[in-house]
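Contents: one structure, followed by commentary.
Every read-out reported here was derived from the displayed coordinates using simple, explicitly stated rules and does not represent laboratory data. None of the values given here were measured: they were computed from a predicted structure. Positions of Cβ are backbone-derived with ideal geometry, glycine not excepted, and every protein chain shown enters the neighbour counts.
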Amino acid sequence: MSVIGQEAGIEHGTVKGYKQHAYRKIESCDACKKALRDDRAAARRGERPERAKLQRTSRRKTAEAVEEQTVATPVLLPVPPPPQLPDRPEIGVPIEGRELEIGDVIVFLGNHHRIDRFESYTGSLRAALGEGTRVACSGGWGMTVGPRSTVRILPRPAGGAA
Ligand SMILES: [Zn+2]
């Protein structure tokens, strides 16, 4: 005789009752859910008050019960620590474009470019970048720099004598 769908006989408020809900395909009541939660909590604390009962009833787990357990058990992944942002002078310090001087070393895409001259900029970005836009040149390399553009340079030597 099948008990599927029959509520009579369920031991509500116990882990066994919770299993009975699942086996009988009747949605679990709050009392039984609480019993299961309490049991899980106890298990996490190292206690296992209903261990023996669980063992006996576990063979009758339905697919739903197994799924429910899988979902209900939280998986605690270790939270990675926030990335360290060490002082890295090799990636440069930000300055405004108008502060750039000949001798400064621009850090751009991992490369270093020591400015040997400035050239005037006549391109179409002038309106966007502002009056005072110039091209910082290093040999055959050049970078268009607006007065308020942020540029990363290697820290200037202390004392200012570059
Ligand atoms: Zn119940």
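Backbone phi angles across the stretch 13-24, fed through the Karplus curve with coefficients 6.51, -1.76 and 1.60 (θ = phi - 60°), yield HN-Hα couplings of x, 10, 4, 4, x, 4, 5, 5, 3, 5, 5, 8 Hz in residue order; Gly and Pro are listed as x. Summing +1 for each Lys or Arg and -1 for each Asp or Glu among the other residues whose beta-carbon sits under 10 angstrom from that of Ile4 gives +2. Using the Cβ of Arg114 as centre and a radius below 15 Å, the other residues enclosed give a net charge of -1, where K and R count +1 and D and E count -1.
For the stretch 89-153, the extents of the C-alpha atoms along the principal axes are 32, 22, 19 Å, listed from largest to smallest.
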